[in-house]
Amino acid sequence: MKGDRSILVTGGAGFIGSHLVERLLGRGHRVIVVDDLSTGHESNLEAARVMGGDRLTFIRSTVSAMSNRSDVGPCDAIHHLAAAVGVRRVMDRPMESLETNVVETAAAIRMALQWDAALLLASSSEVYGKSTKLPFHEADDVVYGSTAITRWSYGCSKALDEYMGLAAYRAHGLRVVVARLFNTVGPRQVGRWGMVLPRFIEAALAGQPLQVHGDGMQSRCFADVRDVAVVLDQLLETPQAAGGVFNVGSDRSISIQQLAELVLRCTGSHSTITHVPYESVFGSGFEDLHARQPDLRRMREVTGFATTISLEQTIRDVMASMGACVSKESAA
Ligand SMILES: NC(=O)c1ccc[n+]([C@@H]2O[C@H](COP(=O)([O-])OP(=O)(O)OC[C@H]3O[C@@H](n4cnc5c(N)ncnc54)[C@H](O)[C@@H]3O)[C@@H](O)[C@H]2O)c1
């Protein structure tokens, strides 16, 4: 999509949304951010404001309340990122999280249909549930645990979002693309809702123990948010991506124990690493995945994108964004 288009970013004051807003402004678009600031912060948009001037509009609202306003839109495209995010938050507020993830997505789809706008839905690797078939391919079956276990409701709510978006594509020709994001990390992510990397870096910088859940052998793949923002933009502007589901992230796998050790090396911290049973963090019956790794062939075929920022670089940038100095030794 060429510059000078009008693009709505829901959840644009959040972690990923704010980086995406900068990317879109940098490409010459006008951007409207709608965010209720439930987990996002207006301060995340400081750099975007400098960059975009009057091309950036911020509206503090839920998506559904905004969709009833006649003074907003039509926009050419919508990136729908607003959601209740993070296993911790969903465990703490299950009903509210489910409602946000389903009702607000339905509102975003209705808006896109009304405006004839292209729509990107930010889905999640949690959609795969507890599948053990690695790497996760978009066409794989999804496998969930019992509905009595709240943890799976996040993945199910995102799966429902996907069903709704794909139904609108088939029934009404909605130009929708589903991005299944894997672990995304970088500056502005907060550890409050259980996100592992900011938790580890905060602890390392404070000289506190890094708390690894379980034995730490569970593995994940972490992509830098600035790379992810590029892919989201590319996916929405690629016509042949419409109606498709795409894994988005990195396929470099690392165990959580190794991640903790890497954080200690990169920060030069002398903190210790402790192991905490899942039950003491999430309550009894909590199920986690041993490994999660995306098959990225679809994403690469359509966008040609390869990650540009290493995990080590991301850790240093997150540290710097937390106001910590990067010593020459740890930067080496
Ligand atoms: N961070 C990750 O690793 C990751 C992984 C998989 C999927 N995702 C998806 O990416 C998207 C962005 O996640 P994030 O990590 O930036 O989280 P975030 O919490 O920083 O961003 C979500 C934003 O949505 C806003 N929001 C929440 N409910 C809203 C509502 N009803 N109306 C308007 N705004 C609302 C929040 O205030 C926040 O700014 C989410 O859809 C999430 O499910 C993220």
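Could you list the trypsin sites (Lys or Arg not before Pro) in the range 184-240 that lie in coil according to DSSP, counting only those with at most 14 other Cβ atoms within 10 Å of their Cβ?
Qualifying residues, ordered by number: R192.
Given Cα positions, please report Rg to Rh for the range 171-219, the hydrodynamic radius being the Kirkwood one.
So for the range 171-219, dividing Rg by the Kirkwood Rh gives 1.22.
Along the charge dipole of the chain, which of G244, L25, G268 sits closest to the positive end, that is, farthest toward it, with unit charges on the beta carbon of Lys, Arg, Asp and Glu (+1, +1, -1, -1)?
Farthest towards the positive pole: L25.
Mind ranking 27-36, 233-242, 254-263 by how tightly packed they are, going by the mean number of other C-beta atoms within 10 angstrom, highest first? Show your work: numbers first, answer last.
Working: 27-36: 22.3, 233-242: 17.8, 254-263: 19.4.
Packing proxy ranking, top to bottom: 27-36, 254-263, 233-242.
Take the alpha carbon atoms of the range 103-255, find their radius of gyration, then divide it by 2.2 N^0.38 Å using N residues; give the quotient.
1.15
Taking one equal scatterer on every alpha-carbon of the range 7-132, how large is log10 of I(q)/I(0) by Debye at q = 0.21 1/Å?
-1.22
Which order do F282, F182 fall in if you start with the one that has the fewest other Cβ atoms within 10 Å?
Listed from fewest to most nearby Cβ atoms, that is F282, F182.
Where the convex hull is taken over the Cα atoms of the chain, what is its projected area averaged over directions, in nm²? Please report the intermediate quantities before stating the final value.
On the way: hull surface 64.2 nm².
Convex hull of Cα atoms, orientation-averaged projection: 16.0 nm².
In angstroms, what radius of gyration and Dmax does the range 49-89 have, counting Cα atoms only?
Both quantities, over Cα of the range 49-89: 13.2, 36 Å.
Å³ per residue of the Cα convex hull, for the range 16-71? Numbers along the way, then the final one.
Working: hull volume 4.3 nm³, N = 56.
Per residue, the Cα convex hull of the range 16-71 comes to 77 Å³.
Ratio of alpha-carbon Rg to the 2.2 N^0.38 Å globular estimate for the range 115-197, to two decimals, please. Could the numbers behind the result be given before it?
Working: Rg = 14.7 Å, N = 83, 2.2 N^0.38 = 11.8 Å.
Normalised by 2.2 N^0.38 Å, the Cα Rg of the range 115-197 equals 1.24.
Going by Cα centres, the range 137-209 and the range 24-70 are how many Å apart?
22
Just rank Y278, Y154, fewest to most, by other beta-carbon atoms within 10 angstrom.
So the ranking, lowest neighbour count to highest, is Y278, Y154.
Using a simple charge model, +1 on the beta-carbon of Lys and Arg, -1 on the beta-carbon of Asp and Glu, nothing else, what dipole does the chain show about its Cα centre, in debye to the nearest 20? Please list the in-between numbers first.
Values: 33 positive and 36 negative charges, 65 e Å.
Computed about the Cα centre, the dipole is about 320 debye.
Read the figures in this text as sums done on the coordinates, not as results from a lab. Small disclaimer: the values here were computed from a predicted structure and weren't measured. FYI the Cβ positions are ideal-geometry reconstructions off the backbone, even for glycines, and counts take in every protein chain you see.
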